[in-house]
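Every number here is computed from the coordinates shown, using simple stated rules; none is lab data. Bear in mind that the values here come from a model prediction, so they are computed numbers and not experimental data. Methodologically, a virtual Cβ is constructed for each residue, glycine included, from the backbone with ideal geometry; neighbour enumeration extends over all protein chains shown.
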Amino acid sequence: MLIFSEGCIEYSAFSSDAQIAHAKHYAHQIIGDLNHGAHIWLDWNMVLAANGGPNHVGNYCDSPILCNLADGTYQKRLSYYYIKHFSRSIAPGAVRIAHSLYTHELEATAWKNPDNSCVLVIHNPTDEKKQIHLRINGQITSFSVESESIMSLRW
């Protein structure tokens, strides 16, 4: 079983306030890893303090949830909601199924869950809305994927 276990956004590589860039990075990494054989994708730091710590070497990171330790509040970041498309749609025991994209501007992963439902997670990292034509068992449906967004479909 191939497990990716150390996903995170280091502030040394990314601006600390660039939530859309962080979320897009997560989606790109998760889709790429899942499509290339990963069975599990785990975030190294699902919850951190508001400063991106603790960290013994000062290598602070963003995380899907940041906690303000002074007042006991927390903030769900955009990356939390991006990860949710995978964790809520792809069930334990799901198997990856084939899919085709006729553009390099979109990213997607497709899965068949143990209950025989199928899931498609589509990421549009571009700054343009994209029209999608989805064909399943000979039937075609069309819809749009907003710019810099992610969506999950289940049937």
What's the angle, to the nearest 10 degrees (0 to 90), between helix 78-87's Cα axis and the longest principal axis of the chain?
50
I want to make sure I understand the PRE zone here: with the label point 7 angstrom from the Cα of K84 toward its beta carbon, which residues in the stretch 11-32 have backbone N atoms less than 15 Å away?
23
If R₀ is 25 angstrom, what is the calculated FRET efficiency for the pair S5 and A91, using the beta carbon separation as r and rounding to 0.05?
0.80
Around S152 (Cβ within 15 Å, Cβ-to-Cβ, excluding S152; K/R +1, D/E -1) the net charge comes to +3
With the label point 7 Å along the Cα-to-beta-carbon line of W155 and a cut-off under 12 Å to each amide N, the hits in the stretch 86-118 are 118
Can you give me the orientation-averaged projected area of the convex hull built on the Cα atoms of the stretch 95-154, in nm²?
4.1
So I have [x] 16.8, 56; [y] 16.7, 60; [z] 17.7, 57, and one of them is Rg and Dmax of the Cα atoms in Å calculated from this model. Which one is it?
[x]
